[in-house]
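Readers should treat all values here as calculations from the given coordinates under stated rules, not as data from a laboratory. It should be emphasised that the depicted structure is a prediction, and the values quoted were computed from it without experimental measurement. Backbone-built Cβ (ideal geometry, glycine too); neighbour counts: all protein chains shown.
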Amino acid sequence: MKKSIIDFRKMAEENKKIVYLTAYDYLTAKYQEKAGVDMILVGDSLGMVQLGYETTYPVTMEDMISHCKAVRRGAPETFIVGDMPYMSYQISDQQAVENAGRLTKEALCDCVKLEGAGPEIAGRVRAISSVGILVMGHIGLTPQFAAELGGYKAQGRSADAAVKLIRQAKELEEAGACSILVEGVPAAVGEAVTRQAGIPILGIGAGSHTHGQLLIYADMVGLYDNFTPKFVKQFAHVGQQLQEAFQEYCREVRSGSFPDDSVHTYKMSADEVEKLQ
Ligand code: KIV
Ligand code: NA
């Protein structure tokens, strides 16, 4: 049965880890649901690991809606979080509410996620949650703010910076966030944020103490190899397997060993074949 935010709160209280992965398409979502993943993020990492852009900036609402719909078709019984792409919420509360509404109403997401902290972002979280849409915050290494952070760098590595992150998490919680994702911080910071929060804290590259763990699926199956962050563990080498399968297909087609007409073709009676001659 599909888990709800109530279940995730309970899991956090009972110290049961929440398993969270990204997905971008029907087939991946289908296998994740079969595997028992608790929560799926259709991240705007879509731009990098599926659409081939160098950053997440070019991803549009239309891209997100199309991929969220595909993931929903693959995982009808899983809690799905739809990421709000760059410039879909930065401009105003109204823009943020409208676009969050599209992700839930058109794409059937259970929750939306947006990056950042501070009074403006807390205001967006308040506006979205006040119309009854679940919002997940995202702090630490936030790729949509990479320009401001000076690139894709670990965050919260000084005590001052860590205290600031803890304060940001509190502010987002007070603004109505149902959960917060913390990305790219030392384990001690992930632990401190988790200890002080009253909502489920999910981590990616934030150590083992958060209530749940997220990875980008294309990283953890060894599919996306342009860049692999330190916090990724590869559970498979799917990219290598795909390449080998494609190479074998090339070899067999070129040598004529595929297709084998005794196996890979439709049958026709000998009489009918005769008439063809
Ligand atoms: O877009 C995404 O997949 C994300 C994670 C990297 C945190 O936001
Ligand atoms: Na994202």
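What to note about this one:
- Estimated from the Cβ-Cβ distance and a Förster radius of 51 angstrom, the FRET efficiency linking LYS17 and SER92 is about 0.90.
- Placing a label point 7 Å from the Cα of LEU27 along the Cα-to-Cβ line, the residues of region 236-277 whose backbone N sits under 14 Å from it are 238-246.
- Placing pseudo-labels 7 Å out from each Cα toward the beta carbon at GLN241 and LYS153 gives an inter-label distance of 3.8 nm.
- Anisotropy class of region 5-236 from Cα gyration tensor, a/c 1.5 cut: rounded
- Over the chain, Cα pairs under 8 Å with separation of 6+ residues give a relative contact order of 14 percent.
- For the chain, built as a Gaussian network whose Cα springs stay under 10 Å, the top-fluctuating residue of ARG102, ARG167, ARG254: ARG254
- 3J(HN,Hα) couplings calculated from phi for region 194-209 with the Karplus curve 6.51 cos²θ - 1.76 cosθ + 1.60 (θ = phi - 60°) are, in sequence order, 5, 4, 8, 8, x, 10, x, 10, 9, x, 9, x, 10, x, 9, 8 Hz; Gly and Pro show x.
- Computed helical MRE - 222 nm, the chain, DSSP H runs ≥ 4 contributing -39500 (n - 2.57), nearest 500: -13000 deg cm²/dmol
- GLU106/LYS3 FRET efficiency (R0 22 Å; Cβ-Cβ; nearest 0.05): 0.45
- Of SER158, SER179, SER208, the one that fluctuates the most in a GNM where the chain has Cα springs shorter than 10 Å: SER158
- Helix 238-255 and the longest principal axis of the C-alpha atoms of the chain enclose an angle of approximately 20°.
- Working ranking of peptides 37-48, 261-272, 180-191 by packing, defined as the average number of other Cβ atoms within 10 Å per residue, highest first, is 37-48, 180-191, 261-272.
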